[in-house]
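Presented below is the structure to which this report refers.
The values are calculated or read from the model by the stated rules, or taken from the named source; none is laboratory data. A quick note: this is a predicted structure, and the numbers were derived from the prediction, not measured. As a convention, Cβ positions derive from the backbone with ideal geometry for all residues, glycine included, and neighbour counts pool all protein chains shown. Protein only, heavy atoms only, side chains kept; ligands, DNA and RNA dropped before computing areas. Shrake-Rupley method; radii C 1.70, N 1.55, O 1.52, S 1.80 Å.
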Amino acid sequence: MPRIPKERLGRYLGLKREFKEEHYINLNPIQRGGVLTSEARKALLEFGDGYSTCDWCPPKAARLDAIERPPIAQFMRDLAEFLNMDVARVVTRCREAKFITFTTLGEPGDYVVVDSLAHYSTYIAAELARLKIKEVPHGGPPEFKLDLDAYADKIEEVKRETGKLPAVVLLTHVDYLYGNLNDAAAVGKICKKYGVPFLLNAAYTAGVMPIDGKKLGADIIVSSGHKSWAASAPTGILALKEELVDKMLARSKVVGDWSERKFGLKEYALLGCTVMGAPLISLMASFPHVVERVERWPQELEQARYLVEQLERIEGTRQLGVKPKQHTLIHMESDGFYKASQTHKRRGFFLYDELKRRGIVGLQPGLTKHFKLNPYGLSREKVEQVTKSFLEIANEQKLKVD
Ligand SMILES: *Cc1c(COP(=O)(O)O)cnc(C)c1O
């Protein structure tokens, strides 16, 4: 029998995280909205054991979303209400929620219309569901705005080419690259006109800003608990309109050909149960905080705009994407830092190094010409420390600062 030497197993003990919130200001865009509340941190320990949510699984319902102790069933209802949708489920990730949508609403070979700034996992979820992609184009620099009217053209195009409407239309509410906020209601209207289900990917929006699914005309909303709901990975949110429940949350019909076993209570696209432990509980424990924090979105926006304004004081540095910012994910382009990197002994890594020395992490190491950052949830003092550090580094590199 193969044996792993003790010395090697030792490395798995006492694991520590270097970039803890107490030690660093972490500007990584994917990490800001997922910082846990202290309630969630406590809940993680309490429910850390395996299937810890399943102590009181009701024998007659036998499903995660039916559990009353802890109040998971109520949480699903509150989650739906918070997004102004009818029904909600917690799944493992936003991408799983997209996959469930694609696979339950589409037949292999059908089309899904997506924006061309969609996350890679949108494309891959469609691929696994055997759907084809039709992209809505975006404009060039500096705004890279999506042409939302083109959703109608692309739906028509699919109809012309296949004689069939697309199975689903997806819009990325805020894209991961420029942090542009899209007018979801406009796409919602187009989808309604064609009678095509509208999937809004709110990975970067629900949980940090107020979202009203009905107002936006969304038939399905998906989001990411570890990105935007102060929850541990993996957690995803799938919220839908009543009309889609029969299709998307259909019950299992499979029968064992020999045993004749059946599982008629299980929602088969969810493979029965989904997040049956600590990550779900972290999402629930942060929920009261999340409900309250979305109201403070205007202050978060103001802070992001302030950061942009300060960074743009640096020679050759500008914000890409729509101005002023409608989201806290910021994409900067800096000819100034790039110029400095050309003669620096650490080349492109100097910016990362200099920030880290000042207790700031989360920019991609090696990048100077283009970098992304997100000040969401940081205190004013920390944002000041970030701006001061950037301006200091620019000064040291002999860049002009206005
Ligand atoms: C981050 C992101 C995702 C991925 O979310 P997971 O929960 O990790 O699957 C999907 N879509 C968009 C637009 C994202 O920004």
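For LEU146, nonlocal amide neighbours, meaning residues 5 or more places apart or on other chains whose placed amide H falls under 5 Å from its own, are GLY139. Converting phi to 3J(HN,Hα) with the Karplus coefficients 6.51, -1.76 and 1.60 and the offset θ = phi - 60°, the range 69-80 yields 10, x, x, 6, 4, 5, 4, 4, 5, 5, 4, 4 Hz in sequence order, with x at every glycine or proline.
Have a look at the DSSP beta bridges in the chain and tell me what percent are antiparallel, nearest 5. Intermediate results must be reported in sequence, preceding the final value.
Values: 23 of 40 bridges.
Of those bridges, close to 60 percent are antiparallel.
Rounded to whole numbers, the Karplus 3J(HN,Hα) couplings from phi for the range 319-334 are 7, 9, x, 5, 10, x, 4, 10, 8, 7, 6, 10, 10, 9, 10, 9 Hz, using 6.51 cos²θ - 1.76 cosθ + 1.60 with θ = phi - 60°, and x at Gly and Pro. Approximating the spin labels as points 7 Å out from Cα along Cα→Cβ, the HIS370-to-GLU21 distance works out to 3.1 nm.
Adding -39500 (n - 2.57) for every DSSP H run of four residues or longer, then dividing by how many residues the chain holds, sets the calculated 222 nm ellipticity at -11000 deg cm²/dmol.
Amide H contacts under 5 Å for HIS370: SER334, restricted to partners 5 or more places along the chain or on a different chain, H placed in the peptide plane at 1.01 Å from N. If you average the C-alpha positions of the range 211-289 and of the range 13-34 separately, how far apart do those two centres end up, in angstrom? Using only Cα atoms to place each centre, the spacing works out to 28 Å.
Of the residues CYS94, CYS54, ranked by 1.4 Å probe accessible area with the largest first, the sequence reads CYS54, CYS94.
Between GLU292 and THR343, the simple spin-label model (points 7 angstrom out along Cα→Cβ) gives 5.2 nm.
Fully extending the segment from GLN74 to GLU396, taken as 0.36 nm per residue of separation minus the present Cα-Cα distance, adds 110.4 nm.
With a 1.4 Å probe and all protein chains kept in place, how do LEU181, LEU146 rank by accessible area, largest first?
On the way: LEU181 65, LEU146 20 Å².
Most to least solvent-accessible, the answer reads LEU181, LEU146.
In the chain the Cα-Cα distances spread across 10 Å bins starting at 0 as 5, 21, 27, 24, 16, 6, 1, 0 percent of all pairs.
Take the residue pairs LYS60/LYS262; LYS154/LYS227; LYS214/LYS247; LYS164/LYS266 and return only those whose Cα atoms are more than 23 Å apart. Please report the intermediate quantities before stating the final value.
On the way: LYS60/LYS262 14 Å; LYS154/LYS227 30 Å; LYS214/LYS247 19 Å; LYS164/LYS266 31 Å.
From LYS60/LYS262; LYS154/LYS227; LYS214/LYS247; LYS164/LYS266, over 23 Å: LYS154/LYS227; LYS164/LYS266.
A simple spin-label model places pseudo-atoms 7 Å from Cα toward Cβ; at VAL245 and GLU384 they are separated by 5.2 nm.
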